[in-house]
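Engineer: Below is the structure I would like to discuss, written out as structure tokens.
The values are calculated or read from the model by the stated rules, or taken from the named source; none is laboratory data. Bear in mind that the values here come from a model prediction, so they are computed numbers and not experimental data. All Cβ positions, glycine included, derive from the backbone under ideal geometry; neighbour counts span all protein chains shown. Remember, those area values only see protein heavy atoms, side chains included, never the ligands or the DNA or RNA. Shrake-Rupley method; radii C 1.70, N 1.55, O 1.52, S 1.80 Å.
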Amino acid sequence: MSAAILTLVTFVPLAGALLMMFFPRRDELARWFALVVTLLGFVLSLHLPLHFTRAASGFQFEINIQWISSPNIHYHLGVDGISMWLVVLTTFLSPLCVLISWKSVHERVKEFFILLLILETALIGVFVSLDLFLFYFFWEASLIPMALIIGMYGHERRVYAAVKFFLFTMIGSVFMLAAIIWLYARTGSFEYTAIQRAMQSGQIGWEAALWCFLGFFLAFAVKVPIFPLHTWLPDAHFEAPTAGSVLLAGVLLKMGTYGLLRFNLGLFPEQAREHAPWIITLAIIGIIYGALVAMVQPNLKKLVAYSSVSHLGFVVLGIFSFTQAGVDGAVYQMLAHGVSTGALFMLVGILYERRHTFEISEFGGLATPMPVYATFFMIIMLSSVGLPLLNGFVGEFLVLSGAFQAKAVYGILAATGVIWSACYLLWTYQRVFFGKVNRDANAVLPDISARERIALWPTALAAVAMGVAPLLWLNAIEPAVRAVLSPLAQMAEGLVR
Amino acid sequence: MFFLNHIWIIPLLPALGAALMFFFGRKLSKSAVSFFCVGLVVVAFVFSCLTVLQYTGWAAAHNHQPFEKIVYTWLGSDTSNLGYLTHSGRAADFHVDAGFLLDPLSAIWLLFVTGVGMLIHIYSIGYMAHEGGYYRFFGYMNLFMFTMLTLVLGNNYVMLFVGWEGVGLCSYLLIGFYFLKKSATNAANKAFIVNRIGDAGFLLGMFTIAWYLGSFRFTQITEVARSGRLSTGDPTITLACLLLFVGACGKSAQVPLYVWLPDAMEGPTPVSALIHAATMVTAGVYMVARSNALFVLAPEAMKTVAIIGAVTAIFAASIGLVQNDIKRVLAYSTVSQLGYMFLALGVGAFAAGVFHVFTHAFFKALLFLGAGSVIHALSSEQDMRHMGALVHKIPTTFKTMLIATLAIAGIFPFAGFFSKDEILWQAWSADNGAYRALWYIGYATAFMTAFYMFRLMYLTFWSPSRVEHEVEHHIHESPKSMTIPLIVLAFFSLFAGFLGWPHSLKGSNRFEKFLEPVFAREATQFDKSGKEAQLAAAKKEEEHANPTEYFLMILSLGAAFAGWGLAKRSYGKAAEGYTEPIAATAPPAYRVLYNKWYVDEAYDYLFTGRRKLGPVRLGAMGAGEAAWAVDANFVDGGVNGAGWTTRALAKLSVWWDTWIIDGLLVNGIAYSTRPLSWLTRMIQWGLVQWYALVMVAGILGFVLYYIFR
């Protein structure tokens, strides 16, 4: 079981998608089947944290089979405490995506769910691959279903957004591909651990490693997105259907931060240390800038998208602080952001289904017709604001503390993000929910349905659980982060000596 | 030991109430809501009393140690691999526990938070009886109790911060309780955001301490701070203390972050009493007092605290002089009294500051609840210009409010006298009179306090009635559930001060003695340490019997009575259309005070950007708009520009391809073959006659050539 579990978790959605292709064109059947498959994926993925050896730092549930002999490509999967949770995050959000698309997608329904399932496999694949070729394969594979979901099921300017998304990511990825091929040429292996060993043994020159570092960085920076490469994000989010946005914000962006952590830090610690200052500067700009732009957005969905830029800035800051607390916090923030921003997009989508607009000025006083909805929104908003005992706080706190430890000024600047997030979210909440209902269309809005409740409850519960008992997650993250940081720590000690 | 070991149950009791309201509140009847929510707070109060009782026994046997109980590890960050050693040389321990701490300081807060909280919960049954969202109100109130108790009982800065943010949330929810009102939700946002500014400072202060001293835990930090390894005036500690104080300024409404508290009066009155007067706003005082071991190492920070406190005290009092909304007067009064508390902390009189928190909790809660009772009686009228002559119509409210007024004005032997006098005396005497300038400010504030409070009393109760006719008929005393809390609070407003009966008046100041284990080594001598400080403290004790102290006592009593007298003269006969004495004597000053020194306007122009300064918008909104413009035009413009350039290049290539490569070269060559082929076709036509003709012509040509050569 242990050897096959990752394969199962990764490919069950794809198998579902393949099966679905032979289905008759019956929408209801497609929906239910997609739900069952994603739920099955989630249940299977729970095997990972339940059987994960928490104290260990290496990869677990590994499977390593040669796939192609020349070039030497392996089917090598495995997770550590970082990627495991990202896998679970993906499988956790997928059934919710199915639920939230139940009614909002009504044309080419079967195809939609097929794309969704393929996307899920690609996303999980990115996190579990330990072979760089395989990783790249999944990385690019995720692009196609996502671009199609945006381009086919999006709103008015969907094609523009899909193309923008596709091109942006492609351009970034090309440099990564070059770096991967170059590394293969020099080391004769695509395997993560083998390349890591080669890097540590000094087989690759500093200069060359730097170019590889930058190649990877560019690919991930686009994905995160790091300022100023972020402008594809608001468009993609705005145009994407709800489920697309949920997976985009919840998981796709984490591919970038995960990559930074796994490859830029894991393979090139020296280069990372050398170049951390300007990357951190960009991260901090992202935190403040994203929040500022979010604050004046008249459009609810773009507002949430820009808030992602701000929140992901925290993640990058944490990663490049090279402190245990900072990186722990960054990983935690990835998960927390996945849950709460995923939920925020679901909430925004629910509103769109009812009013077919994202303009904040179109709403007002919604707490009166939709009290339950308003309550969910409040909880998720507060978790996004980073209120203690909810998930957002833990990550933010750890990141800030790590950044502060790395350099006080980082912490000080980033801490203003705490203020900004309160500004834009509370103000938005006030404009959408408080006051009297001033539009007839809003007065009769139905509160959330049972199905929507089922989709939202897990996120709210996760937000609370992750805030109250963060150690359940952190104690798996910590050893993995320590492993990533240990070469850096050794370097730091070397510097001291 | 049951209660001590299960101290974590105390905050969980109201949390349970909040959870019940969250899940089932809608379906519960009002009496069921009151039963659970009020009942659980009563249980929490009883539990707290028993816990504190048990603690006093335990402490006596344990050298007055603080009691700590760790329930589980909340956050852990192992830094061992970084080889990180703290300033003090001990290995850093960044485990943040869900841990609880009980010592005299938290015991005092625990008791008055649960006690006053309980009374206000009972009061709310009557006050909120006719309001919608009954369960929502009590759910929020219970949530507040939970977070406030977490704040008070946490054994480390992070737990304190959890409670700190939590009370901020509840404050936000309760200020915005009437969420249909724009002004209420504006005020709620303002409260949360201004508090967040303070919170950012608090966070940074916390990090500074943690990375410098290696722990978030109070006991460990205090141990390091008192170990003598840190020198007085250590710049990092000073910075940390200042940052913490930024947090305190937010939560406890000090200049320049006080602006949210007056607006917070948009919430229901019991909320103003509980959160914005008695408990939550004193959290900043608690935090500074809790950090006393650090603050005494940072004289500069202490000085800042004292100065900000004094400035806030007189500044807020000056605004309170002329406000007409009864709750607003009380709100500014709260800000001002909080200033007193920080003044006390700043001059090193921690116990005096805490004592004022304690007495203030009773009389200010009482004032707010009394004001609530007045508002209740007058069908929601809050403007004192439309009050008057209520003295016989709502006698219980009147009597209890009078006691509270006497207490806050500092008239002997009411509670406020003892605490305020202690603060003023400490301001006078601390550090050999280094802070005497602040005494003058405090003294002037005492006079102003008496004036505005009696102004409130005269305008509300004693002056001729200016109540609108419609309202006049409905005036009624509040129900028992509201008056009984008033009476209980009045009792404490009268007698709570006796706990701190000073040595100079032949008392024993039990309050200070109780707190001694927390502040012992600090006293006021923060520039000395160890034995020297104890000696100095003993010397000060003697000084306490100083004739100056009696003289100052009489002086402040004089100020209180002067304020009273002036208020009586000005408002005793205030009939319809009365004029404010300040407005009559100095209209510009009145305008400035009435408009609250235009601070809100200035903030709107400079910081929020809600108002435009001419054509420009500054502040947060301005920055946001600028950032968006950059994003749309520059960053995304760059992207689109790159896209456009690519497309233009593509078009150019298409043109090149079509016209040059394909047109000129490929097709050009192809086309040019056609005329060329004509030439060759001419000789390859396949027409024999033509060949013959050409041949003849050729021969002819040759012949002619040779002939004419």
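Engineer: Consider residue A:83 carefully, then state whether it is assigned to a loop (DSSP other than H, G, I, E, B) and among the polar types (S, T, N, Q).
Structural biologist: So residue A:83 fails the test.
Engineer: Among the residues of the range A:245-258, is there at least one that is touching a residue at least 40 places away in the same chain (Cβ under 8 Å), open to solvent by 10 Å² or more (accessible area, probe 1.4 Å) and of a type outside the set (Val, Ile, Thr)?
Structural biologist: Looking through the range A:245-258, none of the residues is touching a residue at least 40 places away in the same chain (Cβ under 8 Å), open to solvent by 10 Å² or more (accessible area, probe 1.4 Å) and of a type outside the set (Val, Ile, Thr).
Engineer: Hey, among the residues in the range B:120-145 that are open to solvent by 10 Å² or more (accessible area, probe 1.4 Å) and not in a helix (DSSP H, G or I), which one's farthest from the other protein chains (Cβ to nearest Cβ)?
Structural biologist: Top of the filtered list is B:129.
Engineer: Residues in the range A:46-55 that are open to solvent by 40 Å² or more (accessible area, probe 1.4 Å) and over 23 Å from residue A:16 (Cα atoms): how many?
Structural biologist: 5
Engineer: Being within 14 Å of chain B (Cβ to nearest Cβ) and crowded, with 24+ Cβ neighbours inside 10 Å narrows it down to one of A:161, A:179, so name that one.
Structural biologist: Details: A:179 fails: within 14 Å of chain B (Cβ to nearest Cβ).
Sole residue among the options that is within 14 Å of chain B (Cβ to nearest Cβ) and crowded, with 24+ Cβ neighbours inside 10 Å: A:161.
Engineer: Of all residues in the range A:384-415, count the ones that are more than 8 Å from every other protein chain (Cβ to nearest Cβ) and out of contact with any Ser or Thr (no Cβ under 6 Å at 6 or more places or on another chain).
Structural biologist: 9
Engineer: Grab the helices (runs of 4 or more DSSP H) fully contained in the range A:138-234, keeping just those with 2 or more residues being in contact (Cβ under 8 Å) with a residue 24 or more places away in the chain and among the β-branched types (Val, Ile, Thr).
Structural biologist: Passing ranges, in order: A:158-187, A:192-200.
Engineer: Going residue by residue through the range B:433-443, is there one that turns out to be in contact with a Ser or Thr (Cβ under 6 Å, 6 or more places away or on another chain) and open to solvent by less than 10 Å² (accessible area, probe 1.4 Å)?
Structural biologist: Looking through the range B:433-443, none of the residues is in contact with a Ser or Thr (Cβ under 6 Å, 6 or more places away or on another chain) and open to solvent by less than 10 Å² (accessible area, probe 1.4 Å).
Engineer: Give the number of residues within the range A:416-430 that are within 21 Å of the chain's Cα centre (by Cα) and more than 8 Å from every other protein chain (Cβ to nearest Cβ).
Structural biologist: 3
Engineer: Inspect all residues belonging to the range B:215-231 and state whether any of them is surrounded by fewer than 24 Cβ atoms within 10 Å (Cβ to Cβ), within 11 Å of another protein chain (Cβ to nearest Cβ) and part of a helix (DSSP H, G or I).
Structural biologist: no
Engineer: Can you work out which of the residues in the range B:165-186 that are aromatic (Phe, Trp, Tyr) and at the interface with another protein chain (Cβ under 8 Å from one of its Cβ atoms) is surrounded by the most Cβ atoms within 10 Å (Cβ to Cβ)? Give the derivation first.
Structural biologist: First pass over the range B:165-186, keeping only residues aromatic (Phe, Trp, Tyr): B:172, B:177-179.
Restricting the remaining residues to those that are at the interface with another protein chain (Cβ under 8 Å from one of its Cβ atoms) gives B:172, B:179.
Values: B:172: 25, B:179: 23.
Step by step, filter the range B:165-186, then rank; the result is B:172.
Engineer: Exactly one condition in (1) open to solvent by 80 Å² or more (accessible area, probe 1.4 Å); (2) without any contact (Cβ under 8 Å) to a residue 60 or more places away in the chain; (3) more than 14 Å from every other protein chain (Cβ to nearest Cβ) is not met by residue B:668; state its number.
Structural biologist: All conditions are met except number (1).
Engineer: Do you know which of the residues in the range B:43-74 that are aliphatic (A, V, I, L, M) and open to solvent by 50 Å² or more (accessible area, probe 1.4 Å) is nearest to the other protein chains (Cβ to nearest Cβ)? Can you show your working first?
Structural biologist: Initial filter on the range B:43-74 (aliphatic (A, V, I, L, M)): B:43-44, B:46, B:50, B:52-53, B:59-61, B:70-71.
If we keep only those that are open to solvent by 50 Å² or more (accessible area, probe 1.4 Å) as well, we get B:43, B:46, B:50, B:53, B:60-61, B:70-71.
Details: B:43: 22, B:46: 26, B:50: 27, B:53: 30, B:60: 35, B:61: 34, B:70: 13, B:71: 11 Å.
Only one residue fits best here, namely B:71.
Engineer: A further question on this structure: Consider only pairs whose beta carbons are under 6 Å apart and that are at least six residues apart or on different chains; among these, list those whose first residue lies in the range B:644-664 and is open to solvent by less than 70 Å² (accessible area, probe 1.4 Å) and whose second residue is part of a helix (DSSP H, G or I) and of a type outside the set (Val, Ile, Thr).
Structural biologist: Pairs found: none.
Engineer: Let me ask you something else. All but one of (1) part of a helix (DSSP H, G or I); (2) at pLDDT below 90 hold for residue B:65; which doesn't?
Structural biologist: Tallying (1) part of a helix (DSSP H, G or I); (2) at pLDDT below 90, residue B:65 fails exactly one: (1).
Engineer: So residue B:481 fits all but one of (1) under 17 Å from residue B:339 (Cα atoms); (2) open to solvent by 10 Å² or more (accessible area, probe 1.4 Å); what number is the exception?
Structural biologist: (1)
Engineer: Now for a separate question. Quick check on this structure: which one of A:43, A:126, A:37, A:88 is in a helix (DSSP H, G or I), β-branched (Val, Ile, Thr) and surrounded by fewer than 18 Cβ atoms within 10 Å (Cβ to Cβ)?
Structural biologist: Going through A:43, A:126, A:37, A:88 in turn, just one is in a helix (DSSP H, G or I), β-branched (Val, Ile, Thr) and surrounded by fewer than 18 Cβ atoms within 10 Å (Cβ to Cβ): A:43.
Engineer: Let me ask something else about it. Is there any pair linking a residue in the range B:496-507 that is surrounded by fewer than 16 Cβ atoms within 10 Å (Cβ to Cβ) to one that is assigned to a helix (DSSP H, G or I), with Cβ under 7 Å and at least six apart or on different chains, and which?
Structural biologist: B:503/B:541
Engineer: Kindly list the number of the only condition in (1) farther than 19 Å from residue A:399 by Cβ; (2) away from every other protein chain (no Cβ under 14 Å); (3) part of a helix (DSSP H, G or I) that fails for residue A:305.
Structural biologist: Only one criterion is unmet by residue A:305, namely (2).
Engineer: Further, regarding this structure: Residue check, residue A:470 against (1) surrounded by fewer than 24 Cβ atoms within 10 Å (Cβ to Cβ); (2) within 12 Å of chain B (Cβ to nearest Cβ), all met but one. Which one?
Structural biologist: (1)
Engineer: Among the residues of the range A:431-459, count how many are away from chain B (no Cβ under 11 Å), not in a loop (DSSP other than H, G, I, E, B) and not β-branched (Val, Ile, Thr).
Structural biologist: So the count comes out to 12.
Engineer: Do we have residue A:418 as farther than 30 Å from residue A:154 by Cβ and outside any loop (DSSP other than H, G, I, E, B) here?
Structural biologist: Details: farther than 30 Å from residue A:154 by Cβ: yes; outside any loop (DSSP other than H, G, I, E, B): yes.
Yes: the conditions hold for residue A:418.
Engineer: Considering only the range B:146-161, I want to know if a residue exists there that is away from chain A (no Cβ under 14 Å) and either assigned to a helix (DSSP H, G or I) or over 30 Å from residue B:96 (Cα atoms) (or both).
Structural biologist: So far as the range B:146-161 goes, yes, one or more of its residues are away from chain A (no Cβ under 14 Å) and either assigned to a helix (DSSP H, G or I) or over 30 Å from residue B:96 (Cα atoms) (or both).
Engineer: Failed condition for residue B:116, given (1) in contact (Cβ under 8 Å) with a residue 24 or more places away in the chain; (2) in contact with a Pro (Cβ under 6 Å, 6 or more places away or on another chain), with all others met?
Structural biologist: It fails just one condition, (2).
Engineer: Which of the residues that make up the range B:615-629 are open to solvent by 60 Å² or more (accessible area, probe 1.4 Å) and either more than 8 Å from chain A (Cβ to nearest Cβ) or in contact with a helix residue (DSSP H, G or I) (Cβ under 7 Å, 6 or more places away or on another chain) (or both)?
Structural biologist: Correct list: B:615, B:616, B:617, B:618, B:628.
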